[in-house]
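Notes follow once the structure below has been shown.
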Amino acid sequence: MKKVLIFILTLLCFNSFAQECEITVEGETPICPENYITLSVEYSDTLKYLWLPGDETTASIVVNPDTTTKYFVKVYNENYNCEDSVIIDVYPKINIEFEQLERTCPGIDANCEAQVKAIASGEFSSDEYTYIWDVQWVDPGDSSLALGLCGNITYNLQIIDNYGCKLDTSYKVKSFRSPEIKITADPDSIVYIKKPWITFSFDNLSIDTLEVTNWEWDFLGDSSITSTQKSPRHLYTEEGTYNVLLKITDSNGCDTTYTFPVEVKPVKLLIPNIITPNGDGKNDELMFVEDSGESDYELDKVINDYYISNELVIFNRWGKKVYEINNYKNDWDGGNLSDGVYFYILKCHGEFGDDVFKSSLTIIGSGK
């Protein structure tokens, strides 16, 4: 009688633990691919849990399988070990391919003429799926065909099968490539208000494969002047930062706009008062450069980079003219003059007025 009682108690204890090992599925199956569903076993703070696949160690887990998957759970402690499994059926995945029927020009401002057909597959034939495009026009007889799409733009698509499963996807429309254009300016992208003329030009670096048929320049922020010349010359009337637009039409009939920045700066010359023409390569010539506030000066620039023209006259201390030149180029080293104090007048002629600079000049180290 005692042995029978022990067996009954052991069986009751085993059944009590066995109840904690049974997997409960919270939700209906099959499920759509990558949808979430909860699997759980009865919780006890005296037990440990291990789920496979995933290696989760809690009594309840949330899974999102993309195909039919078998899940295992192990419930255990030092005196108990129990396992259970369950198969979560998953509806077949929706596969998608795209076929672009026609290319178009890039950008939303172009004539958007691309057509893209979505082709779904999986459990059903392509025409049994529902296609919901995030576009303005769809073929009324075929919802898989999107119309009037713009090049280089990404469009969203939702596909629904007969089970109600959904696939959210997108497609970036392929477009004709744009010409590779290089814009140049003479002078470069920085000019000075006293000499505010810039000549613009462009080169088609892809001319071997894509021809440019038309072009138009637009000088934004400066009275919106336009030009269809290949190399227009433009006058800036105010200091500031500007963008020049170049609209190119290529042989595919596509328009592409390119931007070129321009800065129109005031003129501030650094006025020297000493030169040391000793041949050491430092301060040997009378240099007029831009006073930019920086320690490094653009010594390759001359006065006529800032002004249209200039006149330089140098006098000795008795007022006698010892040097005179038009359009001085920062190349005078004192000539045959001996060391001493001299005076100069620099007249700079600009588009909107002249500037006159006067100063003394000391020559040191000439050896004369």
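The dipole here belongs to the chain: it is taken about the Cα centre, uses +1 on the Cβ of Lys and Arg and -1 on the Cβ of Asp and Glu, and is about 1280 debye. Here the range 272-346 is assigned +1 on the Cβ of each Lys and Arg and -1 on the Cβ of each Asp and Glu. Its dipole about the Cα centre then comes out at about 560 debye.
A Förster radius of 41 Å, combined with the Cβ-Cβ distance separating Glu128 from Val62, puts the computed FRET efficiency at roughly 0.85. Backbone amide hydrogens, once placed in the peptide plane, bring Asn327 within less than 5 Å of Asn310, Glu311, Leu312, excluding anything fewer than 5 places away on its chain.
Using only the Cα atoms of the range 181-265, build the gyration tensor, take square roots of its eigenvalues as a ≥ b ≥ c, and label the shape rounded, prolate or oblate: rounded if a/c is under 1.5, else prolate if a/b is larger than b/c, else oblate. Prolate, because a/c is 1.5 or more and a/b exceeds b/c. Taking Asp203, Asp305, Asp280 in turn, the Gaussian network model of the chain (Cα-Cα springs below 10 Å) assigns the largest fluctuation to Asp280. Ordering Phe352, Tyr323, Asn162 by Cα displacement along the dipole of the chain toward the positive end leaves Tyr323 in first place; charges were set at the Cβ atoms of Lys, Arg (+1) and Asp, Glu (-1). Residue exposure proxy: Trp318, Trp51, ordered by other Cβ atoms within 10 angstrom of their Cβ from fewest to most, comes out as Trp318, Trp51. The Kirkwood radius of the range 214-368, taken over pairs of alpha-carbon atoms, gives through the Stokes-Einstein law at 10 °C and 1.306 mPa s a diffusion coefficient of 85 µm² s⁻¹. The alpha carbon gyration tensor of the range 86-126 gives principal lengths a ≥ b ≥ c with a/c of 1.5 or higher and a/b greater than b/c, which makes the shape prolate. Bridgeable lysines around Lys320 (alpha carbons under 27 Å apart, same-chain partners fewer than 8 residues away excluded): Lys329, Lys347, Lys358, Lys368.
With a Förster radius of 25 Å applied to the C-beta separation of Glu102 and Ser206, the computed FRET efficiency comes to 0.70.
In plain terms, if you count all Cα to Cα distances in the range 154-203 and split them into 5 Å steps from zero, the share in each step is 5, 13, 12, 9, 8, 7, 7, 7, 7, 7, 6, 6, 4, 3, 1 percent. What the phi angles of the range 199-208 give under the Karplus curve with 6.51, -1.76 and 1.60, with θ = phi - 60°, is a coupling list of 9, 9, 7, 9, 10, 8, 6, 10, 4, 5 Hz, glycine and proline written as x.
Taking label points 7 Å from Cα along the Cα-to-Cβ direction, Leu245 and Leu299 give a separation of 4.4 nm.
Two numbers describe the Cα atoms of the range 17-125: Rg and Dmax, which are 22.6, 75 Å.
Centre-to-centre, using Cα atoms only, the range 144-202 and the range 212-268 are separated by 20 Å. The sum of -39500 (n - 2.57) across all DSSP H runs of n ≥ 4, divided by the residue count of the chain, sets its helix-only mean residue ellipticity at 222 nm to -1500 deg cm²/dmol. For helix 2-19, what angle does its Cα long axis make with the longest principal axis of the chain, in degrees from 0 to 90 and rounded to 10? Between helix and principal axis, roughly 30 degrees. Assign one of three labels to the range 95-172, namely rounded, prolate or oblate, based on the Cα gyration tensor with a ≥ b ≥ c the square roots of its eigenvalues; rounded applies when a/c is under 1.5, prolate when it is not and a/b is larger than b/c, and oblate otherwise. Prolate.
Here the gap between Lys74 and Val356, fully extended at 0.36 nm per residue and compared with their Cα-Cα distance, gives a gain of 92.1 nm. For Lys117, go through the lysines and keep the ones whose alpha-carbon is under 21 Å away, minus same-chain ones fewer than eight residues off. Straight-distance partners of Lys117: Lys93, Lys166, Lys172, Lys174.
Once divided by 2.2 N^0.38 Å, the Cα radius of gyration of the chain becomes 1.98. Straight-line reach from Lys74: taking Cα to Cα under 19 Å and skipping same-chain neighbours fewer than 8 places apart, the aspartates and glutamates in range are Glu20, Glu22, Glu26, Glu42, Asp45, Asp55, Glu56, Glu83, Asp84.
Just so you know, all these numbers are worked out from the coordinates, no wet-lab data involved. Since the structure is predicted, the reported quantities are computational estimates derived from the model, not experimental observations. Here the Cβ is made from the backbone with ideal geometry for all residues, glycine too, and neighbour counts use every protein chain on show.
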